[in-house]
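Report on the structure given below.
The values are calculated or read from the model by the stated rules, or taken from the named source; none is laboratory data. Nothing here was measured: the structure is a model prediction, and the numbers come from that model. Glycine also receives a Cβ, built like all others from the backbone with ideal geometry; neighbour counts cover every protein chain displayed. Each accessible area value is taken on the protein alone, full model and side chains, heavy atoms only, with ligands, DNA and RNA left out. Shrake-Rupley method; radii C 1.70, N 1.55, O 1.52, S 1.80 Å.
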Amino acid sequence: MLVLFETSVGYAIFKVLNEKKLQEVDSLWKEFETPEKANKIVKLKHFEKFQDTAEALAAFTALMEGKINKQLKKVLKKIVKEAHEPLAVADAKLGGVIKEKLNLSCIHSPVVNELMRGIRSQMDGLIPGVEPREMAAMCLGLAHSLSRYRLKFSADKVDTMIVQAISLLDDLDKELNNYIMRCREWYGWHFPELGKIISDNLTYCKCLQKVGDRKNYASAKLSELLPEEVEAEVKAAAEISMGTEVSEEDICNILHLCTQVIEISEYRTQLYEYLQNRMMAIAPNVTVMVGELVGARLIAHAGSLLNLAKHAASTVQILGAEKALFRALKSRRDTPKYGLIYHASLVGQTSPKHKGKISRMLAAKTVLAIRYDAFGEDSSSAMGVENRAKLEARLRTLEDRGIRKISGTGKALAKTEKYEHKRLTILLVTPHFQPVLKNIKRMKLLKRKPKKPRLKLKVSLNFFF
């Protein structure tokens with residue numbers, strides 16, 4: 001019997017010298033404790049070495065897909081066919097392909113697995129001419145190449161960047177809110193009226209950075225940041241402000257905080273543009289359906305686009321509302337209708353009555369878009385645009401139906417009920433229904449309880465006279 005053994009360096013074909021030893025499967029490992037013992041069981045008959053890592057990668061990808069490489073086919077025709085012996089293989093699928101293509105009898109059993117394990121343990125002693133260092137380097141290079149091939153690595157298709165970008169975006173929003181709140185409260189001690197006049201946070205920080213102390217507002221030019229009316233209001237409020245006086249050191253620290261807020265805001269804008277571009281490259285149809293922020297949060301919540309594609313539409317609909325779901329199941333109440341998908345624009349523009357229905361339909365179409373982006377080779381957003389148009393049409397239909405129901409008046413409903421009541425009365429009064437009426441009256445009389453006779457007392461007054 002011959003054994004086909006694949007290594008990272010090349011193909012090896014061994015000849016089994018003592019087949020009787022193979023019958024004892026449980027004790028077969030003892031025969032491979034040392035290279036000397038292993039050489040008594042198997043002997044190298046032929047070794048076909050790979051030229052480089054690319055050739056090794058091509059050979060192993062063919063083996064993983066259940067195909068025979070040209071190099072392997074050549075070796076099998078040359079060595080195995082001439083020997084006229086059965087071939088032991090580690091993969092049953094590969095054995096079937098070899099038998100079909102080359103008409104060679106192949107064996108795959110637990111004994112063969114134990115034999116392969118023993119050969120692998122003493123591979124350095126059984127395959128001469130291959131140094132352990134060369135074997136380790138080739139094995140490492142092949143592992144990296146094979147991993148890239150299996151993952152089909154592409155810099156534009158890495159959804160890990162989306163997960164990190166949306167997480168950082170959420171963190172930046174939280175930090176910005178904290179910084180701006182602290183800045184407004186801090187500077188509010190010096191100029192409290194400014195916070196009521198300027199509502200935009202970024203404009204507020206830029207005005208602070210440009211002017212600084214409250215006394216400088218009278219001579220400052222803020223036309224680039226504020227309209228003329230607001231600028232005049234700020235200058236007037238600065239003259240009669242009720243704020244306390246602060247030192248230059250306090251102003252410097254406040255201005256430093258404002259600089260941090262402006263820089264973080266600019267970086268957040270840049271990060272948002274990066275996330276938009278990345279989402280359009282990786283999941284264009286999902287971006288069209290629910291938007292880049294909701295799509296990125298769905299991917300981050302699932303872990304990857306591939307994991308998200310494995311979820312059902314009902315799971316995607318309530319993704320992000322797991323606590324509410326389990327709370328509802330535990331207390332036997334109504335389960336939530338939506339999770340992260342609630343923030344999609346289609347759900348947001350729907351009336352509260354139809355939000356659940358639209359979120360269910362949107363989840364169903366979004367799952368199709370996710371799977372198309374995850375497994376499809378086309379990178380266009382045509383399918384997402386088409387499905388969104390269908391959902392918008394369905395939304396208009398639902399809203400129009402609600403308007404038609406509300407358009408009826410109360411008088412029209414009252415007339416309809418009155419007309420049906422009259423029609424019933426007319427039917428009962430017809431001669432055909434007169435016996436029925438008599439029976440009904442008789443039944444009513446029978447159901448009545450008999451009245452108790454009243455005692456009438458007649459008092460005579462004759463005895464007084």
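Select from the stretch 173-201 the residues that are touching a residue at least 40 places away in the same chain (Cβ under 8 Å) and either surrounded by fewer than 17 Cβ atoms within 10 Å (Cβ to Cβ) or touching an Asp or Glu at 6+ places or on another chain (Cβ under 6 Å) (or both) and list them in ascending order.
Passing the criteria: ASP173, GLU175, ARG182, TRP186, GLY188, TRP189, PRO192, ILE197.
Looking at (1) within 15 Å of ARG396 (Cα to Cα); (2) surrounded by fewer than 13 Cβ atoms within 10 Å (Cβ to Cβ); (3) aliphatic (A, V, I, L, M), which one does ALA312 not meet, given that it meets all the others?
Of (1) within 15 Å of ARG396 (Cα to Cα); (2) surrounded by fewer than 13 Cβ atoms within 10 Å (Cβ to Cβ); (3) aliphatic (A, V, I, L, M), only one is false for ALA312: (1).
In the stretch 363-383, which residues are assigned to a helix (DSSP H, G or I) and over 15 Å from ALA309 (Cα atoms)?
Across the stretch 363-383, the qualifying residues are ALA382, MET383.
Find the helices (runs of 4 or more DSSP H) located wholly in the stretch 279-327 whose residues include 1 or more that are among the polar types (S, T, N, Q), and list them.
In the stretch 279-327, the matching helices (runs of 4 or more DSSP H) lie at 284-290, 305-309, 313-317.
Go over the candidates LEU57, LEU63, LEU104 one by one and state the one that is in contact (Cβ under 8 Å) with a residue 40 or more places away in the chain and either in contact with a strand residue (DSSP E or B) (Cβ under 8 Å, 6 or more places away or on another chain) or acidic (Asp, Glu) (or both).
Result of the check over LEU57, LEU63, LEU104: LEU63.
Would you be able to say whether some residue in the stretch 118-132 is free of Cβ contacts under 8 Å to residues at least 60 places away in the same chain and under 17 Å from GLN23 (Cβ atoms)?
For the stretch 118-132, residues free of Cβ contacts under 8 Å to residues at least 60 places away in the same chain and under 17 Å from GLN23 (Cβ atoms): absent.
Filter the stretch 237-277 for residues that are open to solvent by less than 80 Å² (accessible area, probe 1.4 Å) and of a type in the set (Phe, Trp, Tyr) and give the result.
Across the stretch 237-277, the qualifying residue is only TYR272.
Say we look at the stretch 81-117 and pick out the residues that are open to solvent by less than 40 Å² (accessible area, probe 1.4 Å) and in a loop (DSSP other than H, G, I, E, B); which of these is farthest from LEU17 (Cα to Cα)?
Ranking the candidates gives LEU104 first.
Enumerate the helices (runs of 4 or more DSSP H) found wholly within the stretch 161-278, keeping only those where 1 or more residues are among the small types (Gly, Ala, Ser).
Per the criteria, 193-197, 228-239.
Looking at LEU72 and the list (1) of a type outside the set (Asp, Glu); (2) within 19 Å of GLY125 (Cβ to Cβ); (3) assigned to a helix (DSSP H, G or I); (4) open to solvent by less than 50 Å² (accessible area, probe 1.4 Å), which single condition is not satisfied?
With (1) of a type outside the set (Asp, Glu); (2) within 19 Å of GLY125 (Cβ to Cβ); (3) assigned to a helix (DSSP H, G or I); (4) open to solvent by less than 50 Å² (accessible area, probe 1.4 Å) applied to LEU72, the lone miss is (2).
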